[in-house]
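Taking it in order: structure first as structure tokens, then the write-up.
The values are calculated or read from the model by the stated rules, or taken from the named source; none is laboratory data. Keep in mind that what you see is a predicted model, and the values were worked out from it rather than measured. Reconstructed Cβ throughout: ideal geometry from the backbone, glycine too, with neighbour counts over all protein chains shown.
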Amino acid sequence: MVEDFTGVKPINFGYYWYFGITCVWAEDTWRFADLISPQNVVPYTVRGRTYFKPNKRLKVSKDFIKKWKEKFKGIDGGILSDYGIPVYHEESGVYCNWIPIKKEERYGIEVSSSLLDRMSKIDNKQYEIEI
């Protein structure tokens, strides 16, 4: 999708997490190989690294962003509380980040240490969860 839009294959891009939702793939943190000139984007630099984001002044970019946000909405972690993983702490109003992972042929989630501290008991059970 990015390659079709920019004419160049990205080497990396980031994601966001917020309010218990993760894997919201970011349309504004793309990286391309050095000396490459992608189309329809504008560069910006953070900590010495150059990133690109769609040029919102262009209609083609506005259409792309709309399609991107429809496709990459992220994964809601609310269901994880049914399995003893509290991504939201009601007393403090704080959400904890989490991300799906794959190790060898198994899938799981990685959570922050602050979330582990709030889990009353960790029984290491495995569950089949459909998304």
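Things to note:
- Of all residues making up region 16-42, the number that are surrounded by 13 or more Cβ atoms within 10 Å (Cβ to Cβ) and either free of Cβ contacts under 8 Å to residues at least 12 places away in the same chain or in a loop (DSSP other than H, G, I, E, B) (or both): 9
- So Leu80, is it surrounded by fewer than 14 Cβ atoms within 10 Å (Cβ to Cβ) and under 22 Å from the mean Cα position of the chain (by Cα): no
For (1) aliphatic (A, V, I, L, M); (2) closer than 30 Å to Met119 by Cα; (3) at pLDDT 90 or above, each residue gets a yes or a no:
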| site | (1), (2), (3) |
| --- | --- |
| Ala26 | yes, yes, yes |
| Phe52 | no, no, yes |
| Asn55 | no, no, yes |
| Lys62 | no, no, yes |
| Leu80 | yes, yes, no |
| Ser92 | no, yes, no |
| Asn97 | no, yes, no |
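- Pairs where the first residue, in region 56-84, is over 16 Å from Ile99 (Cβ atoms) and the second is among the acidic types (Asp, Glu), C-beta under 8 Å, 6+ apart: Phe64/Glu27; Ile65/Glu27; Trp68/Glu27; Lys69/Glu27; Gly84/Asp123
- Take the conditions (1) on the phi < 0 side of the Ramachandran plot; (2) in contact with a strand residue (DSSP E or B) (Cβ under 6 Å, 6 or more places away or on another chain); Gly74 misses just one of them, which is (1).
- All positions within region 34-60 that are touching a strand residue (DSSP E or B) at 6+ places or on another chain (Cβ under 8 Å), closer than 15 Å to Glu3 by Cβ and not β-branched (Val, Ile, Thr): Pro38, Asn40, Phe52, Pro54
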